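The values are calculated or read from the model by the stated rules, or taken from the named source; none is laboratory data. Quick caveat: nothing in here was measured; it's all calculated off a predicted structure. Counting neighbours? That spans all protein chains shown, and the Cβs are built from the backbone with ideal geometry, glycine included. What goes into the accessible areas is simple: the full protein's heavy atoms, side chains included, and nothing from ligands, DNA or RNA. Shrake-Rupley method; radii C 1.70, N 1.55, O 1.52, S 1.80 Å.
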Amino acid sequence: MNDNIQLLDPTAETTSARRERRAPPPSLEGLTLGLLDIGKSRGVTFLDRLESHFADRGLAVKRYAKPTNTRTAPVELAQTIAEEVDVVVDALSD
């Protein structure tokens with residue numbers, strides 16, 4: 001076995017960021033909900049159902065999509081979501 005192999009982390013993170021989990025809101029009433037399609041198979045179908053469910057409850061919904069499922073959301077998209085909505089649902093439906 002070759003002892004000269006070096007594995008590199010493509011994220012260039014030396015340590016992961018630690019953040020306190022935000023407490024969920026006591027209610028969704030009066031909030032704007034963001035639905036983020038991360039580009040996985042059937043994610044749109046899942047989000048369509050959620051949007052319909054939320055709309056039936058009279059909740060405001062905004063839709064977003066990552067350009068590709070192979071990368072994290074671009075900073076600009078994350079900032080837009082943070083400015084426009086109060087709560088976000090990521091759709092992962094593998």
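For the reader, a short list of remarks on this structure follows.
- Accessible area (Å², per residue) of the range 37-94, counting only protein heavy atoms and a probe of 1.4 Å: 70
- Peptide packing for 58-69, 33-44, 75-86, 17-28 was compared via the average number of neighbouring C-beta atoms within 10 Å per residue; ordered from the highest value, the list is 33-44, 58-69, 75-86, 17-28.
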